[in-house]
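The values are calculated or read from the model by the stated rules, or taken from the named source; none is laboratory data. As the structure is a prediction and not an experimental result, all values here were calculated from the model. Here the Cβ is made from the backbone with ideal geometry for all residues, glycine too, and neighbour counts use every protein chain on show. Quick note on the areas: whole protein, heavy atoms, side chains included, nothing else; ligands and nucleic acids left out. Shrake-Rupley method; radii C 1.70, N 1.55, O 1.52, S 1.80 Å.
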Amino acid sequence: MHDASTLAPGGTRDQILAVARGLIETRSYLGFSFQDVANAVGVRKASLYHHFPTKEALGIAVIQGATQSFKDWVAARAREPKDALESYFRMYRNTLKAGSGLCPAGALAPGWDCINEELRQAVQALRNTQVMWLTGVLGALVPAQAQKDNPVASLAAFVFSSCQGALLASRMTGRVEDFDDAIAQLRRALPLD
């Protein structure tokens, strides 16, 4: 649980977003309420509505923030394609806290039929942003002959799905080693140069 000493720096809105993202990553979107967020931030629940009129609006802001964070991560420094792919795996392992957390987009999947279309589109945009980036990275790594049998866009979707699944499986066991084992298998399955 979050407490006042672990809140993100910044204004109340930033603190609300940080708490909501943490709750989504550890409890899922359906596993927390506005009251949980208000308690963690130390404000009245009514104050949340000043910043986010609905839980869906809060969820959208969290997912859009995650999408922007990914874009910022990509832009932070130029990497060779092989290093970029390894950095992607490390980002899932370390930033998304394999063994104890989930990707905020992946954490919305169990309640897919319970969330509104705008929130679904935000989740899909995060997925598509990562798959498009992976397509570029893998396009530089996969030999042309292998691309005929395995289109790079399909391989990119496979890598994204595998990382999401590895994160989920390691959350179930609480063991980061299970994430590492799954990613080791993924590396071996990719037809890289």
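Restricting attention to segment 83-112, the residues that are free of Cβ contacts under 8 Å to residues at least 12 places away in the same chain and farther than 18 Å from Val159 by Cα add up to 1.
Among the residues of segment 85-99, the ones that are open to solvent by 60 Å² or more (accessible area, probe 1.4 Å) and either acidic (Asp, Glu) or over 18 Å from Leu17 (Cβ atoms) (or both) come to 3 in all. Checking each residue in segment 26-37 for being over 17 Å from Leu126 (Cα atoms) and in a helix (DSSP H, G or I) picks out Thr26, Arg27, Leu30, Gly31, Phe34, Gln35, Asp36, Val37.
Within segment 138-193, the set of residues being part of a loop (DSSP other than H, G, I, E, B), modelled with pLDDT of 95 or more and surrounded by 14 or more Cβ atoms within 10 Å (Cβ to Cβ) comprises just one member, Arg175. Tallying residues that are under 27 Å from Lys82 (Cα atoms) and either among the aromatic types (Phe, Trp, Tyr) or not in a helix (DSSP H, G or I) (or both) within segment 105-136 yields 2. The set of residues from segment 44-60 being at pLDDT 95 or above, more than 18 Å from the chain's Cα centre (by Cα) and of a type in the set (A, V, I, L, M, F, W, C) comprises just one member, Phe52. Residues considered: Lys55, Lys71, Lys82. Of these, the only one that is open to solvent by less than 70 Å² (accessible area, probe 1.4 Å), within 28 Å of Phe160 (Cβ to Cβ) and among the basic types (Lys, Arg) is Lys55. Taking each residue of segment 113-136 that is under 17 Å from Ser162 (Cα atoms) and looking for partners that are surrounded by 15 or more Cβ atoms within 10 Å (Cβ to Cβ) and hydroxyl-bearing (Ser, Thr, Tyr) with beta-carbon atoms closer than 6 Å, six or more apart or interchain, yields Leu126/Thr67; Thr129/Thr67. Taking (1) loosely packed, with under 14 Cβ neighbours inside 10 Å; (2) under 29 Å from Thr173 (Cα atoms) in turn, Ala107 satisfies each apart from (1).
In segment 16-31, the qualifying residues are those that are of a type outside the set (D, E, K, R) and at pLDDT below 95, and the one that is most open to solvent (accessible area, probe 1.4 Å) is Leu30.
For (1) farther than 14 Å from Val123 by Cβ; (2) of a type in the set (Lys, Arg); (3) part of a helix (DSSP H, G or I), each residue gets a yes or a no:
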position: Gln15; (1), (2), (3): yes, no, yes
position: Ile24; (1), (2), (3): no, no, yes
position: Asn39; (1), (2), (3): yes, no, yes
position: Val43; (1), (2), (3): yes, no, no
position: Tyr49; (1), (2), (3): yes, no, yes
position: Ala61; (1), (2), (3): no, no, yes
